[in-house]
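Asks: Quick one: structure below, then a few questions.
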Amino acid sequence: MMAFDVEAVRAQFPILSRQVNGKPLVYLDSAASAQKPRAVIDAMTAVMESSYSNVHRGLHTLANETTDAYEAARKSIARFVNAGENEIVFTKGGTEAVNLVASGLGATIKPGDEIVLTVMEHHANIVPWHFLRERLGAVLKFVPVLEDGQLDLAALPGLLTERTRMVAVTQMSNVLGTINPIAEIARIAHAAGAQVLVDGCQGVVHQPVDVKALDVDFYVFSGHKLYGPTGIGVLYGKSQALAALPPYQGGGEMIGEVRLEAITYADPPHRFEAGTPPIIEAIGLGAAVEWLNGIDRKAAAEHEARLYARVREGLRGANWLRVIGEAPGKGAIMAFTVDGAHAHDVAQILDRYGVAVRAGTHCAEPLMRRFGLTASARASFALYNTEGEADAFVDALTRTQAFFA
Ligand code: PMP
């Protein structure tokens, strides 16, 4: 097989050639937000320069062109995850997509109905469900996380009852990089009569996703982590699952008919897209997935795994380093602490060397607490990172530790 040509990929990301603090930028914060290839930047600029208008409401040429581009983006995204076009709802991000489903489910939640989550969820897949607990008396249950960062899946069947309405789980932890067996979880949850929502914000970035093969009811992801723009996210819902969900927000474009005494709603996906949608952002995300279609995703994932292994090898014997939860087959995200140094200080010193990492709770407080931490640093790798950058990170981290020693 041909080697993954990281330099050719990298050359398409204008920002990666900049310097930070007089050093070449080493961007290891892609799990928070990924950089954008020229194809995305150009697609967004092109629509503003040559055919921009509001969508779905004009009979003029620009309105038709922009509507076609917006709906073409939906088609591209549907193909990308093997969904039907009408099963793809545009939202403003991953967070809004989870809120849309949780609030819709809330319409039929009775006190004592149960939602099963996991301890490794991002707050975006915890807080909307807490709303159902606070407002409607839903009961939240959590699949525990084992010391090596895997879910304790043996505990899942025991958490499911005839009252379980939803099992909501991340495909890939944004902190540990753990990849969860979604098809298996969906099978267990469905056998108990529960629906399944998958937080694919990280998962969709690092592996091809087929929502039909996973057999999940809902799958959410965000544009900005998938080499697309901010302000756009995606909710996939099985057509019957979307049809059963009440509207999220009310306004233009989501209605069938509006009368003074009553209203009817449009069919999904438009039922869930009230008001002017993020048009340019949707077109940008469409360009991002088309760009990804031109990448050998398997080779990219192997490349990322090689970078992670190289960093771990470079840091072998570093007895001042604690890496949290290294589950087998995990993605290229390293959550770590340095003895004697606060994670925020580690991130700030690394920045002096041009290395961008994140520090804090990573919007996953229950997971941090599980590992007895209030904060960690996190280095996350993307397909545009190089072996040279992996080495630069090892070198900068070693110097950072020496600064505190
Ligand atoms: N879930 C996970 C696993 C994430 O990593 C993130 C982003 N940090 C989100 C949800 C939230 O997505 P968004 O930023 O698109 O709202």
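The values are calculated or read from the model by the stated rules, or taken from the named source; none is laboratory data. As the structure is a prediction and not an experimental result, all values here were calculated from the model. Because the Cβ atoms are built from the backbone with ideal geometry, glycine has one as well, and the counts that use them run over all protein chains shown. Protein only, heavy atoms only, side chains kept; ligands, DNA and RNA dropped before computing areas. Shrake-Rupley method; radii C 1.70, N 1.55, O 1.52, S 1.80 Å.
Asks: Within the chain, what's the longest stretch lacking GluC sites (Glu not before Pro) that sit in DSSP loops with no more than 13 other Cβ atoms inside 10 Å? Display every interim value, and only then the final one.
Replies: Numbers: sites that count: 147, 162, 261.
With a cap of 13 other Cβ atoms within 10 Å, the longest stretch comes to 1-146.
Asks: What nm value, rounded to one decimal, do you get for the distance between residue 82 and residue 7 when each label is placed 7 Å out toward the C-beta?
Replies: Simple spin-label model gives 3.6 nm for this pair.
Asks: List the lysines whose Cα sits under 17 Å from the Cα of residue 212, skipping any in the same chain fewer than 8 residues away.
Replies: Residue 212 reaches 75, 238.
Asks: So, R0 is 45 Å and r is the distance between the beta-carbons of residue 302 and residue 255; what FRET efficiency does that work out to, to 0.05?
Replies: Details: r = 48 Å, r/R0 = 1.06.
Between residue 302 and residue 255 the formula returns 0.40.
Asks: Quick check on segment 41-293: of the DSSP beta bridges with both residues there, what percent are antiparallel, nearest 5%?
Replies: On the way: 14 of 30 bridges.
Looking only at bridges with both residues in segment 41-293, the antiparallel portion is about 45 percent.
Asks: Name the shape class, rounded, prolate or oblate, that the alpha-carbon gyration tensor gives for the chain, where a ≥ b ≥ c are the square roots of its eigenvalues, rounded holds for a/c under 1.5, and otherwise prolate holds if a/b is larger than b/c and oblate otherwise. Please list the in-between numbers first.
Replies: Working: a/c = 2.06, a/b = 1.26, b/c = 1.64.
Oblate, because a/c is 1.5 or more while a/b does not exceed b/c.
Asks: Give me the one-decimal nm value for the distance between modelled label points at residue 161 and residue 326, 7 Å along each residue's Cα-to-Cβ direction.
Replies: That separation, rounded to one decimal, is 4.0 nm.
Asks: Would you mind checking segment 320-337 for residues with the amide N under 12 Å from a putative spin-label position 7 Å along Cα→C-beta of residue 146?
Replies: From segment 320-337, the list is 326-329.
Asks: Amide H to amide H under 5 Å from residue 355: which residues, 5+ apart in sequence or cross-chain, H placed 1.01 Å off N in plane?
Replies: Amide H to amide H, under 5 Å and 5 or more residues apart or across chains, residue 355 pairs with 26.
Asks: Here's another thing I want to ask about it. If Lys and Arg each add +1 and Asp and Glu each add -1, what is the summed charge of the other residues whose beta carbon sits under 12 Å from the beta carbon of residue 106?
Replies: Working: positive: 110, 133, 135, 165; negative: 113, 134.
Overall, the nearby charge balance is +2.
Asks: For the chain, what is the accessible area per residue in Å², given a 1.4 Å probe and the full set of protein chains?
Replies: Numbers: 16700 Å² over 405 residues.
Computed with neighbouring chains in place, this is 41 Å² per residue.
Asks: Leaving ligands, DNA and RNA out of it, report the carbon-plus-sulfur percent of the accessible area of the chain at a 1.4 Å probe.
Replies: Details: 8850 of 16700 Å².
With neighbouring chains kept in place, the figure for the chain is 53 percent.
Asks: Could you please put 68, 152 in sequence from largest to smallest accessible area, using a 1.4 Å probe?
Replies: On the way: 68 105, 152 45 Å².
Per-residue accessible area, sorted high to low, gives 68, 152.
Asks: Sticking with this one: On a full-extension model of 0.36 nm per residue, what is the gain between residue 267 and residue 110, subtracting their alpha-carbon distance, rounded to one decimal in nm? Each step should come with its number before you reach the end.
Replies: Working: separation 157, 0.36 × 157 = 56.52 nm, distance 2.61 nm.
Length gained between residue 267 and residue 110: 53.9 nm.
Asks: Moving on. Sequence neighbours fewer than 8 away in the same chain don't count; with that in mind, list the lysines whose C-alpha is under 17 Å from residue 141.
Replies: 110
Asks: Another question about this same structure. Would you calculate, for the chain, the mean residue ellipticity at 222 nm contributed by helices, counting each DSSP H stretch of 4 or more residues as -39,500 (n - 2.57) and dividing by all residues, to the nearest 500?
Replies: Working: 15 runs with 155 residues, N = 405.
So the calculated ellipticity at 222 nm is -11500 deg cm²/dmol.
Asks: With loop defined by DSSP as not H, G, I, E or B, and exposure as at most 13 other Cβ atoms within 10 Å, which is the longest segment of the chain clear of exposed trypsin sites (Lys or Arg not before Pro)?
Replies: Working: sites that count: 18, 57, 259, 316.
After excluding every exposed loop site, the longest remaining stretch is 58-258.
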